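Data first, discussion second: the structure below is written as C-alpha cells.
The values are calculated or read from the model by the stated rules, or taken from the named source; none is laboratory data. Computed from a predicted structure; not experimentally measured. In this analysis, Cβ positions are derived from the backbone assuming ideal geometry, glycine residues included, and neighbour counts consider all displayed protein chains. Keep in mind that these areas ignore ligands, DNA and RNA; they rest on the heavy atoms of the full protein, side chains included. Shrake-Rupley method; radii C 1.70, N 1.55, O 1.52, S 1.80 Å.
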Amino acid sequence: MPIVTFTDGHLPALLDFVETLNDWGQHGRELGRKIFREFLDQPWLNLEGNCWILEVQGAVKGFCLVHREPPIGRAVLQMEVDPSLAGGPLERELLTIAVSQSRKWDAKIAHLCLPAGSSRSAMVEGYGFTLARSYTNMLWTEDQLPPWSTANGYHVRSFAPGDEELLTQAQNAAFSESWGFCPNTVEQIKYRADMSNTTHQGILFLFHREEEPRREEPAGYCWTCLVPVSQGLRGIIGMIGVVPAFRGRGVSKSILLAGMDYLQTAGAGDIGLEVDSSNTPAIRLYDSVGFEKTSELHWFELDLARLNTGNC
C-alpha cells in the first residue's frame, strides 16, 4: 500500500519532499528545513497518529497532516502531493484516510486550504467539500514605510520571557469571533514564540497606559516572522489583532507599522500577509500602507456529521 503512517524514519525524505515544494533558495535551504522540522515537532501534533505518508517506488511523494482542534470540533487537513499526482486517485486515497480518522476523533467539520484555481479543487469538491472562505495574499515591496507613531497613552514593546500568558489572552480575545479560530493554549504560544521563524523582538505588544488606576494592558499585538525565499528573507505579518475593548480607536495602523518596521530592520526584502477576503476594514488598512494583492487561498469545508459513510 503506497500510503503509510508516519514514523521517524520518514523524516529525512519528508523534509526533502517539502523542500521541492518551496522556493527557499540555496542560502535559505537550511533555515526552511529547520522551520518545517520545528513545526512537525510540536508535541500536540502526535505525528504517529495524525500524519500519513504517500510513497511511490520508495520515494515520498506526498503527505497529509491532520491538526486536531477539539475545542471547536474541527480537523484541519494539511495535504501536499507531488504535482504529477495532484487530484488523482492516490491523493484521493490520502484524503479518504485523513477524513476517516477525523471522524473517529469525533470532529464535526474538516477544513482544507488550496490555492485559488488549483487543479486539486475539483477532486476536493467531488469528495464533498464546499468552498467556505477565501483569503487574500498581499505583499508589500516598497522601500520606505509611511511615517508612524503611537497615540498618547500607548506604547510598543517586544515580547519578553514570562509574557506567554499575556500573549495567549490577547490573541484569544482578539480572534474569539474570527472564522476558524481555535483558542490557543499557553503551551502552544510558548513553543511558537521560540521557533526559528520568529524572534521575541518581532512579537510586538501595543500597550495602553491608564493613570487612574495606574496600570497598563495590551490593546493589541503584531506577531512577525521571517521565512526564506529565493531572493533572501521575506517578512511575514503572521498575526495582528486588536483586543475588542480597543477597537475603533485607530490603533491598528500603528501596531501594523511597528511590526513592519521591525521586519525591515531584521533584513526582510519584502513583507507578506494573509487576510480574510471578507474583512474589508483590514484590507483597507493594508491597502493604505502599500500592500498589494498577489493571489488567493480557498478554504474548503466538509461536514463530517453528514458525510456519506460510503466515502470512507
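Just how far, in whole angstrom, is the range 193-235 from the range 125-155 if you go by their alpha carbon centroids? Computed from Cα coordinates, the inter-centre distance equals 15 Å.
Identify which of the listed values of volume of the Cα convex hull per residue in Å³ was calculated from the structure shown: (i) 141; (ii) 125; (iii) 149. Correct label is (i). For the range 159-235, the Cβ-based charge dipole about the Cα centre amounts to some 380 debye (Lys, Arg positive; Asp, Glu negative; other atoms uncharged). Between LEU21 and SER278, the distance separating the two model label sites (each 7 Å from Cα on the Cα→Cβ line) works out to 2.7 nm. Taking a straight Cα-Cα cut-off under 19 Å and skipping sequence neighbours fewer than 8 places away in the same chain, the aspartates and glutamates within cross-link reach of LYS108 are GLU69, GLU125, GLU177, GLU301, ASP303.
Taken along the Cα-to-beta-carbon direction at a fixed 7 Å, the label points for TRP44 and ARG133 span 1.7 nm. In straight-distance terms, cross-link reach from LYS253 covers every one of the aspartates and glutamates whose alpha-carbon lies under 15 Å from its own, apart from those fewer than eight places away in the same chain; here that gives ASP261, ASP287. I want the local charge near SER134. Using Cβ-Cβ distances under 11 Å, sum +1 for each Lys or Arg and -1 for each Asp or Glu among the other residues. So the environment of SER134 carries a net charge of -2.
Per-residue ellipticity at 222 nm, computed for the chain from helices alone with -39500 (n - 2.57) per DSSP H run of at least four residues, works out to -9000 deg cm²/dmol.
Binning the alpha carbon pair distances of the range 111-152 at 5 angstrom intervals from zero yields the distribution 5, 15, 19, 12, 8, 8, 8, 9, 7, 6, 2, expressed in whole percent.
If you put +1 on each Lys and Arg Cβ and -1 on each Asp and Glu Cβ, how big is the dipole of the chain around its Cα centre, in Debye rounded to 20? Each step should come with its number before you reach the end.
Values: 26 positive and 38 negative charges, 89 e Å.
For this selection, approximately 420 debye.
How large a share of the accessible area of the chain, in percent, is made up of carbon and sulfur atoms when the probe is 1.4 Å and the other protein chains stay in place?
Answer for the chain: carbon and sulfur cover 49 percent of the accessible area.
Simple spin-label estimate for GLU125 and ARG249 gives 4.5 nm between the two label positions (7 Å along the Cα-to-Cβ direction from each Cα).
Which shape class, rounded, prolate or oblate, goes with the range 162-301 when its Cα gyration tensor gives a ≥ b ≥ c as root eigenvalues, a/c under 1.5 marks rounded, and past that a/b bigger than b/c marks prolate?
Since a/c stays below 1.5, the shape of the range 162-301 is classed as rounded.
3J(HN,Hα) along the range 10-22: 7, 4, x, 5, 5, 4, 4, 5, 4, 4, 5, 8, 10 Hz, from the Karplus curve 6.51 cos²θ - 1.76 cosθ + 1.60 with θ = phi - 60°, whole Hz, x for Gly and Pro. Once the Cα atoms are used to define both axes, helix 164-174 deviates from the longest principal axis of the chain by about 80 degrees.
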